[in-house]
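The values are calculated or read from the model by the stated rules, or taken from the named source; none is laboratory data. Keep in mind that this is a model prediction, so the values were computed, not measured. Every residue, glycine among them, receives a Cβ derived from its backbone with ideal geometry; neighbour counts consider all protein chains shown.
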């Protein structure tokens, strides 16, 4: 946890509303980016980010400083995203969730990527997004998911292998 986060986290848990504003300013954009990718819907992502911060507010009295602030926010947002996607089974165009560089690829490749991503489970897709798109390390993903690094490696290997098998068909 960086020193600004650590200071704001401690101040917020201690009751500082000014620290909450700094936390919101520092982390909102990253949460929006992730939630937009996972849900494929900007408006839905805004709702999820807002709910994440509401949960932070509502749990102020029960929070501890054992985990990093960014991890706590990300885990909360991730769980909310999964709940939304699982309940609504969004079938929007997955290509819209890819970074700008992927959108430049020709239509045939875009359709291929969409087909492959559509065939992955939500958990497999999330692992791929966290590692390849968001740039999280194996250790960071393990912390976020509450599993061991080895479990993350195995799941990533299987997800990538599944993508290769789907691509060969």
Item to complete: State all residues of the range 7-27 that are part of a helix (DSSP H, G or I) and touching a residue at least 24 places away in the same chain (Cβ under 8 Å); if no residue qualifies, say none.
Response: 8, 9, 10, 12, 13, 20, 23, 24, 27
Worksheet item: Can you find even one residue in the range 128-146 that is modelled with pLDDT under 75, in a helix (DSSP H, G or I) and either closer than 24 Å to residue 30 by Cα or in the same structural domain as residue 78 (by TED's automatic domain parsing) (or both)?
Response: yes
